[in-house]
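One structure below.
The values are calculated or read from the model by the stated rules, or taken from the named source; none is laboratory data. Keep in mind it's a predicted model, so treat the numbers as computed, not measured. Each accessible area value is taken on the protein alone, full model and side chains, heavy atoms only, with ligands, DNA and RNA left out. Shrake-Rupley method; radii C 1.70, N 1.55, O 1.52, S 1.80 Å.
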Amino acid sequence: MASNGGVDIGQLSPEQQSALEQYTQVTAQDIKDAVPLLERSQWNVQIAISKFFDGEGPDPVAEAIAAQEHIPQQAARHENLQESFIVDPRPLGRMPRAGPDLAPRIVPQPQTTHRPPFLLAIVFAPFNFGYRAISTLFRSIMYIFAFLPASIRPRTITTSMTSGWRGTMGRRMLMPRDTAARFKREFDEEYGTNDLPFYEGGFAQALDLAKNDLKFLLIVLMSPEHDDTESFTRETLLSPEIVAYINDPSNDIMLWGGNVLDSEAYQVATEYNCTKYPFSCLVCLTPKEGSTRMSIVKRLVGPQPASTYLSELQTAINKYAPDLAGVRAERTAQEVARSLRTEQDSAYERSLARDRERARQRKEAEAAAALAEKRALEEAEAAEKRARQRQQWRRWRATTISPEPDASTAPKDVVRLALKMPDGEDGAASPGRIVRRFAGTTTIEELYAFVECHDLLTKKHDDDEDEDEEEETEKPAEKPEGYKHEYRFRIAAPMPRAVYEPDEEATLGATIGRSGNLIVEDIIPDEDEDDEEEESDDDQGAEK
């Protein structure tokens, strides 16, 4: 993003800010350089963009105003006849040139062909056929003459073989890259393989690359029909010192060549005021004339010795190389500042992301702790509720257990059982061995209920019991709603080992007989859960 560079954008109007934003998005130029260029362009974005890419030429309005402000005052002259013959050698009206000429950016325009009306085409059809027949015959004759030895071959045929006979309009117009490749191929065919690094691309691309990379662009325009072209190429352009100087990376030279028979090179020759061939000119960025101005810093017209050609190039390059070095250093500093700002922004974003992650983790931990606390509270309340319901169920169930049969009951209808009770809850003393008589029709579930409620059946109310407990025992016991009691023990026969589950259908007489010794065993929930998990794991492994 372009830096402000000390320019207060807030002082600009909304239209000017919009124009500045559009201009910087296209050119990526710094705001400190973009605002003056837009002011000189009357805040016209299209004109400013054209000046950025094509270079900023002199302003006619500003020059006219300056000329009016600096009109020399003509003083009264008194001269004699001798002084009247002394004439200023400088032509009148010509001002000294303040700086190098602008190097325009040239994009070749496609050739358009216009078809004549149908009636005219019919009228001129015989002439067209005749012209084509004569042209075909002439080209055939020229093709036959081309097989003659070079010493007796006419120069016109040699020129047509190397550069094309039909001239500028006869050569097929190609894309800029293809035109450059054709020039390089024809140059190698004419003068042999060489080390000149011709840029294989269009002139506009070469000019843009030289501007962006801060290099010197050496333009060489040739006319194959000119007499000095061959001698200049062989003796000057292909001399070892010129080739070495152009290929030296420290000189930052780009080489672009063109044949004026091609449309693009012809347009370049016209815009750059080429009056004599061979023509060479050196173009580079001139920051003193404008931040984006490409200027012609040296023209080399006509044939020149290699030493003179090289000396002129060296002089121009040594003159403008410090300016390019300063711009290059400024761009490097801007790039370093941009990279540093990018790294700082990246570090800030990473730090912000870490802080957000920590805040998220802290919120998740707080939410998890609150959820765990809520679950623990709910589990405690549920456990307390289950304990109350269990105690209420035991009091209710104790009132529904059938009493022990009396002596008048027939012995065959009585089952005498000896129960070995486990230790009491909360470390209470074990009741030990209990012997009791049950009716033969008593179910095993009622035997379980007897064991569950044995302490309530046999417990006597002591004077030191809490008042709350006395009030609860005095209240009529009711079965709790929605409560399903689970026994935490099992009754088993030791010899042989047999476990009796709490079945509401099976009776003691049918299951145990008239008497028996039974053991009441506590069930440890953890062991049962572990056994169930191991059994489920075994079942899953067997299924796999």
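General observations
- Arg338 accessible area, 1.4 Å probe, all protein chains in place, Å² to nearest 10: 80
- Amide H contacts of Val415 (H built 1.01 Å from N, under 5 Å, at least 5 apart or other chain): Phe438, Ala439, Gly440
- Greater than 20 Å apart at Cα, pairs in Lys215/Lys276; Lys420/Lys484; Lys420/Lys479; Lys385/Lys479: Lys215/Lys276; Lys420/Lys484; Lys420/Lys479
- Over 20 Å (Cα to Cα) - which of Lys184/Lys211; Lys51/Lys319; Lys211/Lys288 fall in this group: Lys184/Lys211; Lys51/Lys319
- The HN-Hα couplings worked out from phi for the range 366-378 by the Karplus form 6.51 cos²θ - 1.76 cosθ + 1.60 (θ = phi - 60°) are 5, 5, 5, 5, 5, 5, 5, 5, 5, 5, 4, 5, 5 Hz, whole numbers, x standing for Gly and Pro.
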